[in-house]
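Here is the structure we will look at, set down as structure tokens.
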Amino acid sequence: PLSFMYYFTKEYMDETERTVRLVLGTQLEAATLYDIGVGRGRSLAVFQSMGVQKVVGMDVSVSETEFAKRQGRRLEST
């Protein structure tokens, strides 16, 4: 059986993708996406899988944005 956290995370990621597609339509590759409250960069993998080429992340926590930068660099290398 899958955990509650799996379903919570999957629902969050699915909703993130639906919202981005609603706002950006089919112009994902050409768009710059602004992730306000980027936190640890959990959504970056979703954006990458959708074909978004540029994400600008902002957060009030410097340590969280530093973590998100490292997450972005890891995703770029995949």
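Numbers for the structure displayed
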{"read-out": "Pair residue 19, residue 65: separation of 7 Å Cα→Cβ label points (nm)", "value": "2.0 nm"}
{"read-out": "J(HN,Hα) series, region 33-49, from Karplus relation 6.51 cos²θ - 1.76 cosθ + 1.60, nearest Hz, glycine and proline x", "value": "9, 9, 9, 7, x, 4, x, 8, x, 4, 7, 4, 5, 5, 4, 4, 5"}
{"read-out": "Built amide H within the under 5 Å cut-off of residue 57, gap 5+", "value": "35"}
{"read-out": "Estimated vicinal HN-Hα couplings, Hz - region 8-22 in sequence order (Karplus 6.51, -1.76, 1.60; Gly, Pro = x)", "value": "4, 5, 4, 4, 4, 5, 4, 5, 4, 5, 4, 5, 4, 5, 5"}
{"read-out": "Average Cα contact separation per residue, the chain, under 8 Å, 6 or more apart, as relative contact order %", "value": "30 percent"}
{"read-out": "Per residue accessible area of the chain, 1.4 Å probe, in Å²", "value": "73 Å²"}
{"read-out": "The chain - convex hull of the alpha-carbon atoms, volume per residue in Å³", "value": "104 Å³"}
{"read-out": "Share of carbon and sulfur in the accessible heavy-atom surface of the chain [1.4 Å probe, %]", "value": "58 percent"}
{"read-out": "Note, ³J(HN,Hα) from phi for region 24-30, Karplus 6.51, -1.76, 1.60, rounded to Hz, x at Gly and Pro", "value": "9, x, 9, 8, 5, 5, 8"}
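The values are calculated or read from the model by the stated rules, or taken from the named source; none is laboratory data. Predicted, not measured: the structure shown is a model, and the values here were computed from it. Every residue, glycine among them, receives a Cβ derived from its backbone with ideal geometry; neighbour counts consider all protein chains shown. SASA here: full protein model, heavy atoms, side chains in, ligands and nucleic acids out. Shrake-Rupley method; radii C 1.70, N 1.55, O 1.52, S 1.80 Å.
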